[in-house]
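Worksheet: the structure to be examined is printed underneath.
The values are calculated or read from the model by the stated rules, or taken from the named source; none is laboratory data. Just so we're clear, the structure is a prediction, and the values are computed from it rather than from any experiment. Quick reminder, even Gly has a Cβ in these numbers, built from the backbone with ideal geometry, and neighbours come from all protein chains shown. Quick note on the areas: whole protein, heavy atoms, side chains included, nothing else; ligands and nucleic acids left out. Shrake-Rupley method; radii C 1.70, N 1.55, O 1.52, S 1.80 Å.
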2 protein chains.
Amino acid sequence: MNSSTERTHSILNTALGLVRNMGFESVSIASLAKEVGMSKSGLFAHFNSKEKMHLMILDHAADKFAHDIFRISLKSKRGLPRLRLIVKNWLSWFQVNGGGTCPFLAAAVEYDSRPGLVKDRIQLHIGRMIKSLNRSIDICVEEGEFVNDLDTKKATYEIYSLIVGQLVYLRTIEHKTASKMFKISFEELINRYSV
Amino acid sequence: MNSSTERTHSILNTALGLVRNMGFESVSIASLAKEVGMSKSGLFAHFNSKEKMHLMILDHAADKFAHDIFRISLKSKRGLPRLRLIVKNWLSWFQVNGGGTCPFLAAAVEYDSRPGLVKDRIQLHIGRMIKSLNRSIDICVEEGEFVNDLDTKKATYEIYSLIVGQLVYLRTIEHKTASKMFKISFEELINRYSV
DNA sequence: TCGATTATAGCACGATCGTTCGATCTATTA
DNA sequence: TAATAGATCGAACGATCGTGCTATAATCGA
């Protein structure tokens, strides 16, 4: 990794921070340049276009997400313990540094009506997250912790929905109540998948 | 209702259409003026500021939502039939005119990091939707269709989550598969609440 | 140490934005 | 008909944005 990539990597970290408390659109070349203490043109040279910048921020966020949620959980035991850890990490990802918008939901909403590279990339990343979650549920079946005939795609949808619903609830109702409801609903799903 | 309010109402309808296929931020005074065939300053006079315009668009969307989802379903029988209709209307709301972003989720995401009148209003509206959904579930308990000791707040969270999760899934995986999974998961929840 | 590559800065451009202001057009009312 | 009020417009402002061009500063290989 040469110095250029290192610098870019550090810029992308700053950018991701901005996305998480300003949304995607607000991270302009101008605002990011100011944040990292560079000139607009100096920063521009790193990306060559706003679209490419957004693409790289998105990929950076996806890398970090894959690491913080999935890769890290590989250390825990296959099956249910790992699934629990993944879900726990997933939820806590949106509460570090005083919370912040989910970069993927933000990007999905803001680019929903703008077909192009960025929108495609978002769908790719969200699709991968869902697939990774699905895989970790499949493993629970393999380990005999979930019933053999479980429709794991549906189970994935149900758990993913609880997570996304939680993101909305956390901003609408009291934090503690919201997260308690999640825990109960999640455990009920687990129980249902187990018998 | 004088002609000014009628005109404003018609403008808000156009604005809501724009929100649903451009997102919230993209509906600027300039772009909305062009869409309705007015000058910027002419349109500006209707709202007096961009923030007030966004507030009024939001309120207009909430009015329409309350009517299209909840008020209309009052015609069906109290309890489960009405709940089913509400959920059906809710989902179909995002598929008329070839789909489109949910204005409330769009606003919530885009204004998440901008405290102020608009953000407060969004939380108000989302809170009201959830409360309305909760009420319709309470009625199912009153009617004896759901068990008496059902935690209806948790049930509300679970059904709301399935809906929000569906909005993401519709944009990520094949439409038919997504909506079939919703139907199955929703019916399972209903069954669980009934015994 | 010198030459080349690379990172960054400065400046200018056209576009778009929200907002203001004064003028004009329209419709109502006295 | 004349006066008035409300709706709309055109033009202009300062900001911000993405992007291109050119110059300078830093880094590194020979």
Subset of segment B:14-44 (residues that are at pLDDT 90 or above and open to solvent by 70 Å² or more (accessible area, probe 1.4 Å)):
B:Lys34, B:Glu35, B:Lys40, B:Ser41, B:Phe44
List the pairs whose first member sits in segment A:19-46 and is within 15 Å of A:Ala107 (Cβ to Cβ) and within 14 Å of chain B (Cβ to nearest Cβ), whose second member is within 11 Å of DNA strand C (Cβ to nearest atom) and at pLDDT below 95, and whose Cβ atoms are under 8 Å apart, counting only residues at least 6 apart or on separate chains?
A:Glu25/B:Glu25
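Quick grid of which residues meet (1) farther than 22 Å from A:Ala33 by Cα; (2) away from chain B (no Cβ under 14 Å); (3) open to solvent by 20 Å² or more (accessible area, probe 1.4 Å):
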position: A:Leu58; (1), (2), (3): no, yes, no
position: A:His67; (1), (2), (3): yes, yes, yes
position: A:Ile72; (1), (2), (3): yes, yes, yes
position: A:Trp93; (1), (2), (3): yes, yes, no
position: A:Leu105; (1), (2), (3): yes, no, yes
position: A:Pro115; (1), (2), (3): yes, no, yes
position: A:Leu124; (1), (2), (3): yes, no, yes
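Yes/no per residue for (1) polar (S, T, N, Q); (2) open to solvent by 40 Å² or more (accessible area, probe 1.4 Å); (3) within 12 Å of chain B (Cβ to nearest Cβ):
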position	(1), (2), (3)
A:Ser132	yes, yes, no
A:Ala155	no, no, yes
A:Glu158	no, no, yes
A:Gln166	yes, no, yes
A:Ala178	no, no, yes
A:Met181	no, no, yes
A:Phe186	no, no, yes
A:Ile190	no, no, no
Could you say which residue among B:Lys131, B:Lys77, B:Lys50 is out of contact with any strand residue (DSSP E or B) (no Cβ under 9 Å at 6 or more places or on another chain), farther than 29 Å from B:Lys183 by Cα and without any contact (Cβ under 8 Å) to a residue 24 or more places away in the chain?
B:Lys50
Taking helices (runs of 4 or more DSSP H) that fall entirely within segment B:100-188, which contain at least 3 residues that are under 16 Å from B:Asn89 (Cβ atoms) and under 16 Å from the mean Cα position of the chain (by Cα)?
B:117-142, B:152-172
